[in-house]
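The next block holds one structure in the form of structure tokens; read it before the comments.
Just so it is clear, none of the values below were taken in a lab; they were calculated from the coordinates. All of these numbers come straight from a predicted model, not from anything done at the bench. No Cβ is skipped: glycine too gets one built from the backbone with ideal geometry, and neighbour counts run over all protein chains shown.
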Amino acid sequence: MNAPARSRPSGDRPWYEDVPLAQLLRVARDVYRDAVRRALDSAGCDDIPRNGTFVLSSLDRTTPEPSFSPQAEVVASLGLSKQAASQLIDTLVLRDYLERRNDPEDRRRMGVRLTDRGRTAATAIQGAFDEVETSIAQLVTADELHGLRAGLAAYRSIRERPALSADDTFHTTVAPVAGELR
């Protein structure tokens, strides 16, 4: 999709005003997915399963080395069934992206952390994120980028709220929570 011209005659509606948000979000998802896949391929990490990139990038951002994150927290953060999330973690362990260990304080609990290969992949993922965000920042103003972030953060608020009725309206500010795996 070609980028729209930055200057328009007054009164003309931008092309994106007539596109459903869901469609624009799908394009954004595809741009990030493609950038991440290219970066992982270049790093020799082309065998990461779907959703595996979320695990690796979350652990990279939230778990100081050489700490282990509780596997139950990682599973809960994925929004998948426990079985699917556990299978994903098993695959990442088998492919040497994650290491799993029993918690020394409670042997019933398991923890996971990035291996060297997992850190390589997480670095590639973050590089792809940075590349896309740099491209976006070149196409919009700082205020527009701030508005984009605020608008996207509202989706998180919607997700975390109970179902809304037709009568409900809300406006909220979303602040990041340190150390969370979302």
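Could you tell me how many of the residues in the stretch 32-54 are part of a helix (DSSP H, G or I) and touching a helix residue (DSSP H, G or I) at 6+ places or on another chain (Cβ under 6 Å)? Full working, then the answer.
Within the stretch 32-54, the first condition is being part of a helix (DSSP H, G or I), and the residues that meet it are 32-42, 52-54.
Next cut, touching a helix residue (DSSP H, G or I) at 6+ places or on another chain (Cβ under 6 Å) only: 32, 35-36, 39-40, 52-53.
Number of matching residues: 7.
Could you list, ordered by first residue, the pairs with Cβ atoms under 7 Å in which the first is in the stretch 63-91 and touching a residue at least 12 places away in the same chain (Cβ under 8 Å) and part of a loop (DSSP other than H, G, I, E, B) and the second is of a type in the set (A, V, I, L, M, F, W, C) and surrounded by fewer than 19 Cβ atoms within 10 Å (Cβ to Cβ), at least 6 apart or interchain?
Between residues of the stretch 63-91 that are touching a residue at least 12 places away in the same chain (Cβ under 8 Å) and part of a loop (DSSP other than H, G, I, E, B) and residues that are of a type in the set (A, V, I, L, M, F, W, C) and surrounded by fewer than 19 Cβ atoms within 10 Å (Cβ to Cβ), the close pairs are L78/F54.
When residues of the stretch 71-95 are filtered for being touching a Gly at 6+ places or on another chain (Cβ under 6 Å) and surrounded by fewer than 16 Cβ atoms within 10 Å (Cβ to Cβ), how many remain?
0
Within the stretch 145-159, which residues are farther than 16 Å from L25 by Cα and without any contact (Cβ under 8 Å) to a residue 12 or more places away in the chain?
First, pick out the residues of the stretch 145-159 that are farther than 16 Å from L25 by Cα: 146, 157.
Within the stretch 145-159, H146 is the sole residue that qualifies.
When both residues are 6+ apart or on different chains and their Cβ atoms are under 6 Å apart, which pairs have a first residue that lies in the stretch 97-109 and is closer than 24 Å to N51 by Cβ, and a second that is of a type in the set (S, T, N, Q)?
E99/T115
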